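To keep things clear, I will list the structure first and then write my remarks on it.
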Amino acid sequence: MTDTVVKSPADGRLFTRPAAAASCVGFVLIGMLQALYGPAVPGLREEYGLTPSGAGLGLSLHFAGGLAGVLAFNAIHARISNRALVVASYGLMAAGGAGFALAPNWPVALAAAFLGGLGFGGIDYGLNQLFAVGFGERSTAMLNVLNAHFGIGAVLGPAVVAWLGPDDYAYAFAGCAVLAAALTLTTNGIRTRTAAGAPSEAAPSEAEPSVKLGVSRVLVGFVALYILNVAVEAGAGGWEPTHLETIGYGATVAASATSVYWLMMTAGRFLVVPITLRYSPERILTVCAAGMTVCLLLTLFKGAAPLAYAGLGLFIAPVFPTGLPWLNRALPQSRRAGAWVIAASMLGGVAAPPLLGLGIEVSGIHAVPWLLTALSAASLVATVRLIRLTRTSGSWRSGAA
């Protein structure tokens, strides 16, 4: 039995309005949960006697759980309802948040971080996939709204820890657990139908070689695009303050400029919503990739660098949510495509900062703009290549991944 998208006779949407609003709150939750680990480090070190690297394992286990959650929920999504996927994910986050807040020792806290990460990955994968197909022609706009709420949560998380104090970080994680549990009660408006007669994916062995090759090229192109863009996003966020301090800005200015970068990413997703109703994802992503590259080149100039990083945040903001509807249109019968690109984006976020660090060790901190520009230019090339592939894919697009 295959879980398929329901088109409501009334409005053609997969979500009722209350369920869509609750899903946006869910993205505030996952943004907040991810952002709590960094500000909580001083409290974690004091409570468990950890080194800085040891305290950083909490976020690492969270991301590891997130990657596992994306892959695991993708694997079972065909056998459970949309609502069951979302409820299970919220349940895991509730258990993980509560476990982290109440953990008697660090190994238990790490296990709880992984558990919460599983739920994080399920929500990230599940709601992104459902929003990508659940609002018809407005799906691109709604995906940007959804992901903008992640940014709101990412801003709120550190603010909550700052208000409570690092020693009371457990209350913030407990609050996330309570919110996750409450959100399980809001999922009735997620529509699901299990239909035996629904079209299913053709087995790879049944597809013609040219079909499989064409699908593979498109999927690899999207994976590369997401890895590159998230690498730029994470790399800029991680190394911007160091770069700005190196070229002569004070620590306060550098930190403030980095905050503005993240805020512009949130604002950019709201601002692009009306644009998505008039222009195709391909055109929007091409402009974004070009704008990102220009902004990164401008960071080479000291006077323009802080504003250029802010511009980078604005241009990179729509990429993740806007690419998913394009992917679903290009590979309409490839159920696993979305999971692979979301997983790839997580890998890009994990791998980029340390790999950029190695490049900086070899070339110096002044190489940051050049390294990020190279990644951004590669994403522009990947975008143009994908446009060509998807425009000439009519002969095989009906095949399966």
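Couple of notes before you dig in:
- Mean residue ellipticity (222 nm) of the chain, computed from DSSP H runs ≥ 4 via -39,500 (n - 2.57), nearest 500: -25500 deg cm²/dmol
- Only Lys, Arg (+1) and Asp, Glu (-1) charged, at Cβ; the chain dipole about Cα centre in debye: 1440
- From the alpha carbon centroid of the range 10-56 to that of the range 337-363 is 20 Å.
- Loop-located trypsin sites (Lys or Arg not before Pro) across the range 251-283 with a Cβ neighbour count of 16 or fewer within 10 Å are ARG278, with loop assigned by DSSP.
- Nearest-20 debye value, the range 1-122 charge dipole, Cβ charges on Lys, Arg, Asp, Glu: 380
- On the principal axes of its alpha-carbon atoms, the range 262-355 has extents of 49, 37, 20 Å, going from largest to smallest.
- Dividing the convex hull volume of the alpha-carbon atoms in the chain by its residue count gives 139 Å³ per residue.
The numbers here are math on the coordinates, done by the rules we state, and not lab data. Since the model is a prediction, treat every value here as computed from it, not as a measurement. Note: ideal-geometry Cβ built from the backbone for every residue, glycine included; neighbour counts use all protein chains shown.
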